[in-house]
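The values are calculated or read from the model by the stated rules, or taken from the named source; none is laboratory data. Worth saying up front: this structure is predicted, and the values here are computed from it rather than measured. Cβ: placed from backbone, ideal geometry, glycine included. Neighbour counts: every protein chain shown. Calculation scope for accessible area: heavy atoms of the full protein, side chains included, ligands and nucleic acids excluded. Shrake-Rupley method; radii C 1.70, N 1.55, O 1.52, S 1.80 Å.
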Amino acid sequence: QVQLVESGGGLVQPGGSLRLSCAASGNIFRVNAMGWYRQAPGKQRELVASITSGDNTNYADSVKGRFTISRDRAKNTAYLQMNSLKPEDTAVYSCNADFLTRALVRVRDYWGRGTQVTVSS
């Protein structure tokens with residue numbers, strides 16, 4: 001069994017900051033890529049940021065310069081630092097991981113349940 005647990009969401013005023021965490025645990029040998037996605041009401045899910053096994057990062061144009069993705073390999077945890085938040089950043093943020101199990105089976109597109117981020121005054 002593998003769990004991806006997101007935390008750090010909440011209500012924040014425009015211009016504020018939040019730091020999301022995604023912790024992977026369970027039957028994991030190594031976590032490869034991790035990513036953050038978001039889905040706002042009535043909209044399709046979109047990639048926010050991703051980080052590869054080589055620590056290369058990729059960001060949606062809408063968050064470049066405001067959001068930063070990072071990871072702690074020892075803790076199998078990815079972070080999303082979100083600064084200068086805007087109302088349009090309001091969404092459920094979900095974590096996605098690509099990993100190897102202890103049996104060296106590769107698992108792609110494994111999802112957490114998500115955490116709500118609301119940006120409002």
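Which ones in region 81-94 are of a type in the set (Ser, Thr, Tyr) and surrounded by 20 or more Cβ atoms within 10 Å (Cβ to Cβ)? Across region 81-94, the qualifying residues are TYR93, SER94.
May I ask you to verify whether ASP55 is farther than 14 Å from GLY112 by Cα, of a type in the set (D, E, K, R) and open to solvent by 40 Å² or more (accessible area, probe 1.4 Å)?
Numbers: farther than 14 Å from GLY112 by Cα: yes; of a type in the set (D, E, K, R): yes; open to solvent by 40 Å² or more (accessible area, probe 1.4 Å): yes.
Against the criterion (farther than 14 Å from GLY112 by Cα, of a type in the set (D, E, K, R) and open to solvent by 40 Å² or more (accessible area, probe 1.4 Å)), ASP55 qualifies.
From the set of residues in region 61-89 that are small (Gly, Ala, Ser) and free of Cβ contacts under 8 Å to residues at least 40 places away in the same chain, which is nearest to PRO41 (Cα to Cα)? Working first, answer last.
Applying the first criterion (small (Gly, Ala, Ser)) to region 61-89 yields 62, 65, 70, 74, 78, 84.
After this cut, where a residue has to be free of Cβ contacts under 8 Å to residues at least 40 places away in the same chain as well, the list is 62, 65, 70, 74.
On the way: SER62: 17, GLY65: 24, SER70: 27, ALA74: 35 Å.
This residue is SER62.
The criterion of being touching a Phe, Trp or Tyr at 6+ places or on another chain (Cβ under 9 Å) and either open to solvent by less than 50 Å² (accessible area, probe 1.4 Å) or closer than 20 Å to ALA40 by Cα (or both) holds for ALA97. Scanning region 1-16 for residues that are farther than 12 Å from MET82 by Cα and either open to solvent by 30 Å² or more (accessible area, probe 1.4 Å) or more than 18 Å from the chain's Cα centre (by Cα) (or both), we see that the one that is modelled with the lowest pLDDT is GLN1.
Answer yes or no as to whether PRO41 is out of contact with any strand residue (DSSP E or B) (no Cβ under 7 Å at 6 or more places or on another chain), open to solvent by 20 Å² or more (accessible area, probe 1.4 Å) and either of a type in the set (Val, Ile, Thr) or in a loop (DSSP other than H, G, I, E, B) (or both). Yes; evaluated as a whole, the condition is true for this residue.
May I ask you to say which residue of ALA24, ALA78, ALA49, ALA60 is within 26 Å of SER121 (Cα to Cα), under 14 Å from the mean Cα position of the chain (by Cα) and crowded, with 17+ Cβ neighbours inside 10 Å? None of the other options fit; the residue is ALA49.
Residues that are aromatic (Phe, Trp, Tyr) and part of a strand (DSSP E or B) within region 22-38 comprise TRP36, TYR37, listed in sequence order.
Look through ARG113, ARG19 and report the one residue that is open to solvent by 50 Å² or more (accessible area, probe 1.4 Å), in a loop (DSSP other than H, G, I, E, B) and touching a Leu at 6+ places or on another chain (Cβ under 9 Å). Working first, answer last.
Numbers: ARG19 fails: in a loop (DSSP other than H, G, I, E, B).
Matching residue, one of ARG113, ARG19: ARG113.
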